[in-house]
There are 4 protein chains.
Amino acid sequence: MKNSAILLVDCPDRKGIVAAISDFLYRHNANILHNDQHQDADLGLFLSRVEWDGQGFALPASEFRPAFQPIAEKFGMRWRLETSAVRPRLAIMVSKYLHCLADLLYRHDSGELACEIPVIISNHEDARRLAEFYRIPFACVSGKDESRQRALLAEHRVDFVVLARYMQILSPEFVAQYPQRIINVHHSFLPAFSGAKPYHRAFERGVKLIGATSHYVTEVLDDGPIIEQDVVRISHRDQIEDLQEKGRDLEKAVLSRAVRWHIDHRILVYAKKTVVFD
Amino acid sequence: MKNSAILLVDCPDRKGIVAAISDFLYRHNANILHNDQHQDADLGLFLSRVEWDGQGFALPASEFRPAFQPIAEKFGMRWRLETSAVRPRLAIMVSKYLHCLADLLYRHDSGELACEIPVIISNHEDARRLAEFYRIPFACVSGKDESRQRALLAEHRVDFVVLARYMQILSPEFVAQYPQRIINVHHSFLPAFSGAKPYHRAFERGVKLIGATSHYVTEVLDDGPIIEQDVVRISHRDQIEDLQEKGRDLEKAVLSRAVRWHIDHRILVYAKKTVVFD
Amino acid sequence: MKNSAILLVDCPDRKGIVAAISDFLYRHNANILHNDQHQDADLGLFLSRVEWDGQGFALPASEFRPAFQPIAEKFGMRWRLETSAVRPRLAIMVSKYLHCLADLLYRHDSGELACEIPVIISNHEDARRLAEFYRIPFACVSGKDESRQRALLAEHRVDFVVLARYMQILSPEFVAQYPQRIINVHHSFLPAFSGAKPYHRAFERGVKLIGATSHYVTEVLDDGPIIEQDVVRISHRDQIEDLQEKGRDLEKAVLSRAVRWHIDHRILVYAKKTVVFD
Amino acid sequence: MKNSAILLVDCPDRKGIVAAISDFLYRHNANILHNDQHQDADLGLFLSRVEWDGQGFALPASEFRPAFQPIAEKFGMRWRLETSAVRPRLAIMVSKYLHCLADLLYRHDSGELACEIPVIISNHEDARRLAEFYRIPFACVSGKDESRQRALLAEHRVDFVVLARYMQILSPEFVAQYPQRIINVHHSFLPAFSGAKPYHRAFERGVKLIGATSHYVTEVLDDGPIIEQDVVRISHRDQIEDLQEKGRDLEKAVLSRAVRWHIDHRILVYAKKTVVFD
């Protein structure tokens, strides 16, 4: 099993940041596996993701913070350390459309998604049988009972939430509790057709491609930072049902990629956008 | 050189239309090359494109109308007959961005576009040298002088107009004179980012794909029936200049396909949408 | 539920075929839903697929053959009539990789695939639990025991077979019994990397895209008529495991499309190639 | 105009390489713009591309080598320094198909390709008019007269050569003189359909996608390290002429990307493959 550490950093861009980080890691005997960075020239920002082998790294996790803090302060960094050994805990919320849920559960089961799934929450019973097949606890909670939903998330120590075609709007308080930790899939190529019934509106407009978008949820509907998008070609032969069927495959693709990247700590959010380090 | 005839039909859907058309063509000894049709169940519409070999067809073009009229009347058809021997006459209007113009002229020169290009009209001098290289008459006319523009189109007996990144808005009167005969390219995946500066707005929104759209021009800006769309993937590394550069290739692709399909009489417009028969 | 009839025809191309078929259908009161055809000029072949509404069609299925036979004979047609009311019976053969099986079963369960799946056959036990979840009979049979396999297919009156990453080679006798009725998925962009370990060889060659291919099985390995192909972009960052993971999604996509098109009677094979009517 | 320096490095992977390079650059006051790296775990290789702002960098180009040499020796690096201020000199060789040439010349003229094009060499006269339009010297030389070709390359101090559908095979001596400096475009998705007439063979095989590949030329035909590939969907309706027409757009795309990446010093070759740093 992979045992690596990941440092995510963003700070004002200036000379010496790369040297400071790489020198720090070298002094503690890190074997760097991936090192990616991005500069935003307009905003004067530096963003970076460094991953190194936990094997042989001289600094225990508990001592990382005090050791790294002087560098972080010198450059004014926002930073966090993640380790692949700690599997993040994911709650999936779902309604009656089960294709994204089924896809995520199969991928999880086959080892593609390195996370725990302690609970599935739905406002309908439809998903129960699937949850039981994969031996994941299932809770049927009314979409209006957010306090029960949030209690479940707390109880299961959930790190992030995936809305797998959940079809309900979360309250601002719910969203605020999980900043950049709630991933939604919208069945259009945002910002086109945000809101309700995107396939119907795409059909009426006569577009030649339909899309799907995974994004972090913010207070404003369908407006959060986009993580991934994809499209598929349609023609005049495709009726709304065909759009929905083709769209389901898109939704699965963009949502599962977003979940994987989130788990792998590849995503940094800034300026309402995401950097996805590959 | 190809010598084929194309019949384009739309009418209320009912039984016997296909039989009536194919029987008519058979009786006049047509060798059918392509036969495509589309039914819109919701609107109860039948749309069809039939192409046959002009060689051996027993009915001269001048006699087609009276011979076909009884069938057309029986089924309430809107129809037109086109022949590949008559090359449609295209005027290209362009501003300072020349990539779409250069692409169309090269394709025309190499035989990909079976049309005449009697005139290129621009509000700047930049395109003149390119026009001269391809030996196409060039006219520099102020964007505000529509009467001069329209006089040029009339004088050159222009059948349809392509706005190859023309950047000016045509008056409703101009548009009304060429219904479904003006093709524009918009540098976004419509309906996203209609209007000005789509690449800038795509960059700010943080989309993961950018697009381009070719469409027929109607009175409402960027709202006409969509002919073709395509997208390309971008990442956080792409700055606005990169979006513009990648976008140029998209614009060329979707515009040149639309022009080819228009020339080949593959496009039928209905319900604000297009059917593109392949 | 849809109740339509589909006529598939191929014959030497000559004048009057379309007229003869559409007149025949009109005389028996058919409401044509789709009408697609293809001419191969080099081979002088005409191929066609016509679909009409079973509702209101005047000719019972049992009387179709004698009524249509004169036309078929006149034009030397190979033809068959299918009806959407008769759901074809599919056997899935699978080995230890279950992603294609899981994908097909989910699609079947959610109504995307209008077929019966009377049996799943595997040379391993791994797929049993999945089969039971979807309540499909499961048989574990050694890959070498073809007589038992073929007995099962006969017993379940199987119309066509899908090799969902089956990993075993069928005998020529087995293949000959199901001509154009066995669909395989190969994890490369054929004809590149036919045979064993395509992802490893793609990795070594340093290709920038990997592919997958669904095709009808013939006597020659990976050489049958191609039904569908797709590709996905990879980079130097992708290791063999990443190719396999990205490839799994491709395999599911191209296989499920092939199965759907086969069920919908959209595929005609000729000259070692397929026509897929859309 | 951009004035940046690019360091390309490959060496056996071990700890401390990133720290050594970034510390070296920091000490000489480099403002790093891009920093990308790749580890090949199987081969134990480290590859890197670092780009920094020439503005403010304390080390003149002439002093870089002696200053960096101790680090290079310590880690056993193969390395080179490039500067964006030095525009590489490109010779284009072309035959009768001019679409790739026209595309490259237009891109060069519009500023997309930061190189000089001192000469175009062809074994036919067809390209002369295009070359003159873009004011590039043109030489018509028999494909068999390699000594004249190579003399022209030497005379024009050519850094790299692009075979823009040149259709002739270069001698091993010619190839050896420009290792990883000759870029070819092959009109198939390699390794499928290497050699002659790939569109014809793709048509016969009945593939559902056609492709194009740009690669560095080596002694073995169509076997060199692949730089870029792309595909486009085709159907049974596409005849060989359609494949050729669609293919031309692919060829332009994959060739122009390869040329741009080569000019930007983004490509490292190892193990017969390329790393293309983005």
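The values are calculated or read from the model by the stated rules, or taken from the named source; none is laboratory data. All of these numbers come straight from a predicted model, not from anything done at the bench. In this analysis, Cβ positions are derived from the backbone assuming ideal geometry, glycine residues included, and neighbour counts consider all displayed protein chains. For accessibility, only protein heavy atoms count, side chains too; no ligands or nucleic acids. Shrake-Rupley method; radii C 1.70, N 1.55, O 1.52, S 1.80 Å.
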Practice item. May I ask which residue of chain C has the beta-carbon nearest to the axis carrying chain C onto chain A, and at what distance in whole Å? Key: C:133, 3
Point to revise | Per residue solvent-accessible surface (Å²) - segment C:4-83, probe of 1.4 Å | key: 43 Å²
Practice item. Tell me, rounded to the nearest percent, the portion of alpha carbon pairs in the protein assembly as shown spaced more than 39 Å apart. Key: 53 percent
Study note, to complete from the structure: Each residue of A:227-239 has, on average, a number of other protein chain C-beta atoms within 10 Å of its C-beta equal to 4
Review point. Which number do you get for Rg(Cα) / (2.2 N^0.38 Å) in chain D?
Key: 1.09
**Study point:** Cβ neighbours within 10 Å from other chains - mean over B:97-106
**Key:** 3
Revision key, fill the gap. Mean projected area, convex hull of alpha-carbon positions in segment C:1-89, reported to one decimal in nm², is 6.2 nm²
Point to revise | Positions from segment C:241-278 whose accessible area shrinks by 50 Å² or more when the full protein complex is built, not the chain alone, probe 1.4 Å | key: C:245, C:273, C:278
Practice item. Work out, in µm²/s and without decimals, the Stokes-Einstein translational diffusion coefficient of segment C:63-117 at 25 °C, 0.890 mPa s, Rh from Kirkwood over C-alpha pairs. Key: 171 µm²/s
Point to revise | Mean shadow area of segment B:210-278, taken as a quarter of the surface of its Cα convex hull (nm²) | key: 5.4 nm²
**Study point:** Binned Cα-Cα distance frequencies in segment B:139-213 - 5 Å width, integer %
**Key:** 3, 13, 22, 21, 13, 11, 9, 5, 2, 0
Check your understanding: Among the listed pairs A:208/C:2; A:197/B:208; C:197/C:252; A:96/B:272; B:208/B:252, which are separated by more than 24 Å between their Cα atoms?
Key -> A:208/C:2; A:96/B:272
Study note, to complete from the structure: Note to self: with every protein chain in place and a 1.4 Å probe, segment D:103-142 gives an accessible area per residue in Å² of 39 Å²
**Study point:** Bins of 10 Å, starting at 0 and running to the largest distance - Cα pair percent for segment A:84-242
**Key:** 10, 38, 35, 15, 2
Check your understanding: Residues of C:206-215, mean number of Cβ from any other protein chain within 10 Å of their own Cβ, rounded to a whole number?
Key -> 6
Practice item. Mind pulling the per residue volume of the convex hull built on the Cα atoms of segment D:174-221? Å³ is fine. Key: 62 Å³
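State, in square angstrom and to the nearest 100, the accessible area buried between chains D and B, both chains counted, probe radius 1.4 Å.
So the buried area, both faces added, is about 1800 Å².
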Practice item. For segment D:233-278, state which trypsin sites (Lys or Arg not before Pro) are in a DSSP loop and have at most 15 other beta carbons lying within 10 Å of their beta carbon. Key: D:237, D:272
Study note, to complete from the structure: Sorting from shortest, the nanometre distances separating the label point of residue A:43 (7 Å past Cα along the line to Cβ) from those of the same residue in the other copies are 3.7, 4.4, 5.7
Exercise for review: Give the nm distances, rounded to one decimal, from residue D:128 to the matching residue in every other copy, measuring between label points 7 Å along Cα toward the beta carbon; shortest first.
Suggested key: 2.8, 8.0, 8.4
Review point. Give me the log10 of I(q) over I(0) for segment A:45-154 at q = 0.10, 0.17 Å⁻¹, as the Debye formula computes it from C-alpha points; what are the numbers?
Key: -0.49, -0.87
Exercise for review: Tally up the carbon and sulfur contribution to the accessible surface of segment B:89-276 as a whole percent, 1.4 Å probe, everything protein left in place.
Suggested key: 49 percent
Review point. Say a label goes 7 Å from Cα toward Cβ at residue D:80 in every copy; what distances in nm does this one have to the rest, shortest first?
Key: 4.3, 5.7, 6.0
Review point. What residue among C:262, C:124, C:187 shows peak mean-square fluctuation when chain C is described by a Gaussian network model with Cα springs under 10 Å?
Key: C:124
